[in-house]
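Visitor: Okay, handing you the structure first.
The numbers here are math on the coordinates, done by the rules we state, and not lab data. Everything numeric in this text was worked out from a predicted model, so none of it was measured. A quick note on method: Cβ atoms are made from the backbone with ideal geometry, for glycine too, and the neighbour counts reach across all protein chains shown.
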Amino acid sequence: MVLEIVKYGHPVLRERGARIKEVSADIRQLIDDMFETMYDSKGIGLAAQQIGIASQLTVIDVRGVTDRPSTLEIGSKPADVESIMPLVLINPKITPLGEPATGPEGCLSFPEIFADITRSEKVDVKALDAKGDPISFRAGGLLARAIQHEVDHLNGVLFVDKMTAKDKAELRAEIDDLHTATKKSLAKKK
């Protein structure tokens, strides 16, 4: 089922997600719904906060993105990125590695707002998969960027928090308009 994606200004986007204790039938259904929602919105990542649930759960799928390559290492050996796609990360812990890299980002909770964001070029990941089994790997390129973006969401951090002051100033009107529209929409629902 396609779920509503909450927009900037919704308080859940600033909440740190609760750890998931068990991969229940409800969690498995939520994972399916999150993938359907992400694909419907043409995204490559979606965190639980973005659908109004403050949990440590994100889904990612970078297949089909050819202009921004990704890398993957499992057990210190190169691996095919597609071998872990679509990717579910439950209770993820990440360790940023390598040099800072700046690249374009958008966010489904900030429609039509894009900026260059600086993040680590690689990241070590430990998490549970969709079955609740432990996984660990090293990601680079777009996959590393997507993972860092989504894990930020799980901790209540948004990509506007990572923008340069210059970019934030240039986008201030759009960001403020989105925030105001979201607050008005929430007030009407009360």
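Visitor: Condition test on residue 157, is it surrounded by fewer than 18 Cβ atoms within 10 Å (Cβ to Cβ) and of a type in the set (A, V, I, L, M, F, W, C)?
Guide: When the stated conditions are applied, residue 157 passes them.
Visitor: Further question on the same structure: Can you tell me which of 146, 169 is touching a strand residue (DSSP E or B) at 6+ places or on another chain (Cβ under 7 Å) and among the small types (Gly, Ala, Ser)?
Guide: Only one candidate qualifies: 146.
Visitor: Out of segment 118-151, which residues are farther than 21 Å from residue 78 by Cα, touching a Ser or Thr at 6+ places or on another chain (Cβ under 7 Å) and surrounded by fewer than 20 Cβ atoms within 10 Å (Cβ to Cβ)?
Guide: 118, the sole residue that qualifies.
Visitor: Further, regarding this structure: Any idea which of (1) closer than 30 Å to residue 183 by Cα; (2) over 15 Å from the mean Cα position of the chain (by Cα) is the one residue 137 doesn't satisfy?
Guide: With (1) closer than 30 Å to residue 183 by Cα; (2) over 15 Å from the mean Cα position of the chain (by Cα) applied to residue 137, the lone miss is (1).
Visitor: For the list (1) under 16 Å from the mean Cα position of the chain (by Cα); (2) not in a loop (DSSP other than H, G, I, E, B), I need the number of the one condition that residue 172 fails.
Guide: (1)
Visitor: I've got another one for you. Looking at 117, 147 in this structure, which one is out of contact with any Pro (no Cβ under 6 Å at 6 or more places or on another chain), over 15 Å from residue 58 (Cβ atoms) and not polar (S, T, N, Q)?
Guide: 117
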